[in-house]
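S.K.: The following block contains the structure, expressed as structure tokens.
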Amino acid sequence: MAKDKSTNWKTERRKRAWALYQAGWMQKDITEALGVTKGAVSQWVKRVQEGGGAALQERPKSGAPLRLSQVDRDKLSALLARGAESFGFRGDLWTCSRVVKVIQQEFGVKYHPAHVSRILKQLGWTPQQPIRRAK
């Protein structure tokens, strides 16, 4: 699995904290220099002391695997760019309920509308107006 830049800078920050600690810096000074909490520095030092330098590497992410891969999410973004009417909806606004239907139709994956809202935010889509009906 390829590491992205965000993982690398976090690992490098932990290594830098350890190097400063070994050079005799006080924890308070390390926290100020790196912009981290004292608790973080304490955890990093403890991890190295118990597990060696490799303990500063990024840990595997916990939780369930993504149901939509990044490729699928990119494809979803392209599908949404075509507009809601291209999927047979009346009006060109996307609602979470509409996106749920498109995801299920195109990828065979079912999501709750509240989670679709988070996915849309990650993709850079702004919230659309919900459908409101006159009473």
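S.K.: Could you tell me how many degrees, from 0 to 90 and to the nearest 10, lie between the Cα long axis of helix 96-107 and the main elongation axis, the longest principal axis, of the Cα atoms of the chain?
M.R.: It works out to around 90 degrees.
S.K.: Which GluC sites (Glu not before Pro) does the range 45-106 hold that lie in a coil by DSSP with at most 15 other beta carbons within 10 Å?
M.R.: Details: sites: Glu50, Glu58, Glu85, Glu106; in loops: Glu58.
Taking the range 45-106 and a limit of 15 other Cβ atoms within 10 Å, the loop GluC sites (Glu not before Pro) found are Glu58.
S.K.: Let me know the shape class of the chain, please: from the alpha-carbon gyration tensor, a ≥ b ≥ c as square roots of the eigenvalues, rounded when a/c is under 1.5, otherwise prolate if a/b is greater than b/c, or oblate. Intermediate results must be reported in sequence, preceding the final value.
M.R.: On the way: a/c = 3.77, a/b = 2.82, b/c = 1.34.
It comes out prolate by the Cα gyration axes.
S.K.: In deg cm²/dmol, rounded to 500, what helix-only [θ] at 222 nm does the chain give when every DSSP H run of at least 4 residues adds -39500 (n - 2.57) and the total is split over its residues? The partial results should precede the final answer.
M.R.: Details: 6 runs with 74 residues, N = 135.
One gets -17000 deg cm²/dmol as the mean residue ellipticity at 222 nm.
S.K.: Sticking with this one: I need the shape label for the range 5-56. Rule: rounded when a/c is under 1.5, else prolate if a/b > b/c, else oblate, with a, b, c from the alpha carbon gyration tensor. Mind showing how you got there, number by number?
M.R.: Values: a/c = 1.65, a/b = 1.11, b/c = 1.49.
It is oblate, given that a/c is not under 1.5 and a/b is not larger than b/c.
S.K.: Counting only pairs 8 or more residues apart or on different chains, how many lysine pairs in the chain have their Cα atoms under 20 Å apart?
M.R.: Eligible lysine pairs with Cα atoms under 20 Å apart amount to 21.
S.K.: How far is helix 113-122 tilted off the main Cα axis of the chain, in degrees rounded to 10, range 0 to 90?
M.R.: 60
S.K.: For helix 70-81, report the angle its Cα long axis makes with the longest principal axis of the Cα atoms of the chain; keep it between 0 and 90° and round to the nearest 10°.
M.R.: 40
Values in this text are rule-based calculations from the coordinates and carry no lab data. Quick caveat: nothing in here was measured; it's all calculated off a predicted structure. Neighbour counts run over all protein chains shown; Cβ positions are idealised from the backbone, glycine included.
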